Structure formats: C-alpha cells, structure tokens
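One structure below.
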Amino acid sequence: MAIDSGVRRIVVGVDGSAESVAALRWACREASLRAAEVLAVLALESACHQVASYAVPAPRQAGGSWGAARDVLRRSVSEALDLFPGVSVRTEIAEGLAARLLLDQAAHADMLVLGRNSHVPDPYRAAGPVIRACLRAARCPVVIIGPIDRLAADPDHVPEAWQRDLEGSGAAR
C-alpha cells in the first residue's frame, strides 16, 4: 500500500461488534475534526491461527468468510458514514492475526482506534490479547473505546474528575 505523506490517517479495527462500530463512529468524528481519512480494517484469522501448531486445521469453505466479512464491514462503515457523511473511509479485509494486521496498517498512521467489548471494571485486565499487543507495540497513539453502554450521550462529554482538574488549573476559562 502506498503511503500518501500529506494525508492524516486513523486506523480502526472492525469486527462487527457494537463496540467496534462505536470505535469506527468515534474515529469518523475524530477524522472530521482533524481532516483525516479513516482506514477500517477487518482481520480474518485463518483456521491455522486458531489451533495448536501441531494440529491439522479443519477444512473451511472457500469464500464464505470473505463474503460475510465484506457485509460486516459494509454495514459498519455505512452506519458510521450516516453520522459523518463528509469523512473519507477506506476499507481493508486481510487474512492473518488481527494484532499483526492492525499494527502493520497503523505503522504510518496518526492513530489506532479499537473497541473493547469486555464489561470488567478494570480496563487493563479487560483488554483482550489484540488490544494488549497493540498497546505494547503500536508506533502511534492507541485509543480504546469502551463498552457502548458506558459511552456518554454527549460526544463532547468530559468526565467530572477532569472538569475539576481543568477548573483548578484555569484552563477551563
């Protein structure tokens, strides 16, 4: 893939979950504020990545998972673009380990955005292996969008604790 040096890029991992769609919406909003493009990446982990290295993977249907992946990505992008129609969103479906594919795509990006679908109170422990790998190895900032039931209705919401800090510093004036 050619890297266009003058274009800001936000990479988003999409898997069709509500949290990944929320991450895509957040990335589109951010792209509209930064005059950036969004690259929505859906990783298809092949059967050989889902079993032990010494096991023989079961045969899988050719093309079935690719068609389903295209549908998931198309629906997710369509939903995000309904809210942010002026944003440029490119899509990519690739086969391989999700963390590796996302890190490769984000190597020259301005930001990597991922959705976290766990409902455990401790945000670091709740992060799955893909998020942990991306947090450890990404060359750009990584934004984790939490469960959608915890997202504020107001997109410009600032947590109350941050408000107190801002007011104390004089930055809120």
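Any read-out appearing in this document is the output of simple, stated calculations on the displayed coordinates, not a laboratory observation. Note that the structure is a prediction, hence the values are computed from the model and not measured. Ideal geometry is used to build each Cβ from the backbone, glycine not excepted, and the neighbour counts take in all protein chains shown.
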Plugging the Cβ-Cβ distance of Ala137 and His108 into 1/(1 + (r/R0)^6) at R0 = 25 Å yields, to the nearest 0.05, a FRET efficiency of 0.95
Give, as ranges by residue number, the residues of the stretch 94-110 whose backbone N falls under 15 Å from the point 7 Å along Cα→Cβ of Arg34. 105-110
Interchain or long-range residues, amide H under 5 Å from Ser88's placed H: Val38
Please give the length that would be gained between Ser17 and Ser78 if that part of the chain were fully extended, namely 0.36 nm times their separation in residues minus their C-alpha to C-alpha distance (nm, one decimal). 20.5 nm
Residues whose built amide H sits under 5 Å from the amide H of Gly96, excluding neighbours closer than 5 in sequence, are Leu44, Glu45, Ser46
